[in-house]
Amino acid sequence: MAFNQSFTQYLGGLENAINNKDGRRLGRLLSIRDSHIQNPGLKQREDVIHHYVCQRFVPPYVDLVADHMKVIAAINHYDPRHAFDAQLGLMHSFARALQSHKDENWGILTMYVVISELTALAFRVYYYSKGKSTDVLEKTAEALMNCFRVCAGDSRSALENSKKWGMLGIVNNLFKIYFKLNKLHLCKPLTRAISSAAIKDDFLKSHIVTYRYYVGRKAMFDSQFKEADENLSFAFNHCHVASRKNKRLILMYLLPVKMMLGYIPSNKLLSKYRLTQFIEIASAVKIGNLLKFNQAIEKHQKFLIRCGVYLMLERLKMLIFRNLFKKVFLLMQTYQLPISAFVVALSSMQEEGIDADEVECILANLIYTGYVRGYISHQHQKLVVSKQNPFPVPSQVAIR
């Protein structure tokens, strides 16, 4: 039987990596990013592959290696769906192999490669289908959860040999999927598991940064802005200085959170990270100019929707009302402000349909959220504000 020597060498490399418990090398040999996938010597018939793989490996490595050869074949035929299906099979085989490793965790380095590439292939299929193939993301999440259980359940091994060190890498990939599927409620059990882990502060720094990024985004969607600020700021400050793309991504969510808390970003920062779309928005929030804010939001609508922060920025209107109404207070120098003064201020911003009833509704919301301290006298058509700090600093407000 004609047989290419490079295939024998490749199988020998896999065998040595497994026997020597070299997780890093095994991960490289199973990676679709490695140059071996372009090796013509690995293009063998399925029966040939099965014959030689069965000679050199035992289960579950037989299926694992066979599935990787299927992944290579599918990629070389530009077939992402079959590549995903094969990688999914590889993932299941690897989870069984990882579980069989008693009191050792060398397989974690391989696991990082397998799970990240499965997730990448799932998203490739998902985007090729224009968002229709959600099943690939759901299957990936299920496979990752199986692997997570293996790692989280390793409670008998000594800490240095525990598979628990691999938990956070899996969680980050699950977060990526749950955010795309809009199943954020599934994040809570995972954050609980990480928070209760004794090694929560000792995971790989890059994994901690990614984790804090997702936790911050989740807090932002839950309107927990101080928690979001804490986590996203950590992710931004600890992200590698050379990872400009990742720092920019973090800023896309950190900026709206900061503005909700009353912190306005500098033009220098926005220009540095190519986020100049926020310059006009930040300026409008700072000066309480609703007209300028609406114009900026409309101008950059597509960009903001694509970033996923459009609806979040709409919530900044309450802060703009607060800043605008504070200007009215400073101009009139009285603690009993006529509702009509706010009607005039809003009308100057070209807000349609503004009357006293609409203003009272806005003021009631500002009082409820804590942006304004006072009460509305409907009978006298006045806003009566507190003589002590009537317009609290937004960062001190428990936004509801």
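The values are calculated or read from the model by the stated rules, or taken from the named source; none is laboratory data. Bear in mind that the values here come from a model prediction, so they are computed numbers and not experimental data. Cβ coordinates were reconstructed from backbone atoms using ideal geometry, including for glycine residues, and neighbour counts include every protein chain displayed.
Go through the stretch 183-246 and tell me which helices (runs of 4 or more DSSP H), entirely inside it, have 1 or more residues that are within 19 Å of Leu144 (Cα to Cα), out of contact with any strand residue (DSSP E or B) (no Cβ under 8 Å at 6 or more places or on another chain) and modelled with pLDDT of 95 or more.
Helices (runs of 4 or more DSSP H) meeting the threshold: 187-195, 205-221.
Please determine whether any residue of the stretch 157-167 is touching a residue at least 40 places away in the same chain (Cβ under 8 Å), out of contact with any Lys or Arg (no Cβ under 6 Å at 6 or more places or on another chain) and crowded, with 22+ Cβ neighbours inside 10 Å.
yes
Between residues in the stretch 328-340 that are in the same structural domain as Leu383 (by TED's automatic domain parsing) and residues that are among the basic types (Lys, Arg), which pairs lie under 9 Å by C-beta distance while being six or more apart or on different chains?
Pairs that qualify, where the first residue is in the same structural domain as Leu383 (by TED's automatic domain parsing) and the partner is among the basic types (Lys, Arg), are Tyr335/Lys387; Gln336/Lys382; Leu337/Lys382; Pro338/Lys382; Ile339/Lys382.
Among the residues of the stretch 282-290, is there at least one that is part of a helix (DSSP H, G or I), surrounded by 14 or more Cβ atoms within 10 Å (Cβ to Cβ), touching a residue at least 24 places away in the same chain (Cβ under 8 Å) and assigned by TED's automatic domain parsing to the domain that holds His378?
For the stretch 282-290, residues part of a helix (DSSP H, G or I), surrounded by 14 or more Cβ atoms within 10 Å (Cβ to Cβ), touching a residue at least 24 places away in the same chain (Cβ under 8 Å) and assigned by TED's automatic domain parsing to the domain that holds His378: absent.
With respect to the numbered conditions (1) in a loop (DSSP other than H, G, I, E, B); (2) more than 16 Å from Glu117 (Cβ to Cβ); (3) small (Gly, Ala, Ser), which one is the sole condition not fulfilled by Ser6?
Among (1) in a loop (DSSP other than H, G, I, E, B); (2) more than 16 Å from Glu117 (Cβ to Cβ); (3) small (Gly, Ala, Ser), Ser6 violates only (1).
Hey, Tyr273 hits all of (1) in contact (Cβ under 8 Å) with a residue 40 or more places away in the chain; (2) buried (at least 18 other Cβ atoms within 10 Å of the Cβ); (3) of a type in the set (Ser, Thr, Tyr) but one; which does it fall short on?
(1)
Identify, from the list Val344, Val384, the residue that is outside any loop (DSSP other than H, G, I, E, B), at pLDDT 90 or above, touching a Phe, Trp or Tyr at 6+ places or on another chain (Cβ under 9 Å) and of a type in the set (Val, Ile, Thr).
Working: Val344 fails: touching a Phe, Trp or Tyr at 6+ places or on another chain (Cβ under 9 Å).
Exactly one of Val344, Val384 is outside any loop (DSSP other than H, G, I, E, B), at pLDDT 90 or above, touching a Phe, Trp or Tyr at 6+ places or on another chain (Cβ under 9 Å) and of a type in the set (Val, Ile, Thr), namely Val384.
Taking the stretch 209-240 as the search range and keeping residues that are under 13 Å from Thr191 (Cβ atoms) and of a type in the set (A, V, I, L, M, F, W, C), which one is surrounded by the most Cβ atoms within 10 Å (Cβ to Cβ)?
Val215
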